[in-house]
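Worksheet: the structure to be examined is printed underneath.
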């Protein structure tokens, strides 16, 4: 019974970063889709926000990955490894500009 409670706690501590990464990716994807509609004076602000959301997604993924390294329990890995793979692909698909004047 105690192991079940610990597992539920570990899962909760993994679910938070996973959800944070999902939300940041959703926001960044929405910003990317909105790029063509932004006037020139606001482009930089959009790029700052997109870069920030990509960074949030990457940091949340690292936290999830760290938790899975610390608690490499088969049940946790089975639940969250597919999310890690999905998040890696989604983050790689984000395209924040490397430079504003570039």
Next item on the list: Calculate the length of the line joining the C-alpha centroid of segment 1-57 to that of segment 62-77, in whole Å.
Entry: 19 Å
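Quick check on the exposure proxy: order 69, 35 from fewest to most C-beta atoms within 10 angstrom. Write out the running numbers ahead of the final one.
Numbers: 69 8, 35 13.
Final ranking by Cβ density, sparse to dense: 69, 35.
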Next item on the list: For each of 70, 91, count neighbouring Cβ atoms within 10 Å of the residue's Cβ, then give the residues from fewest to most.
Entry: 70, 91
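Sorted from fewest to most neighbouring beta carbons within 10 Å, what does the list 37, 86 look like? The partial results should precede the final answer.
Details: 37 8, 86 14.
Neighbour counts put them in this order, fewest first: 37, 86.
Kirkwood Rh over alpha-carbon pairs of the chain, then Stokes-Einstein at 20 °C and 1.002 mPa s: what D in µm² s⁻¹, rounded to an integer? The partial results should precede the final answer.
Details: Rh = 14.8 Å.
The Stokes-Einstein estimate is 144 µm²/s.
Per-residue ellipticity at 222 nm for the chain, helices alone: DSSP H runs ≥ 4 residues times -39500 (n - 2.57), over residue total, nearest 500 deg cm²/dmol? Mind dumping the intermediate values first?
Details: 3 runs with 81 residues, N = 102.
My calculation for the chain gives -28500 deg cm²/dmol from helical runs alone.
Coordinate-derived values only; no laboratory data. These numbers were taken from a predicted model, which means no experiment stands behind them. All Cβ positions, even for glycine, are placed from backbone atoms using ideal geometry, and neighbour counts span all protein chains on display.
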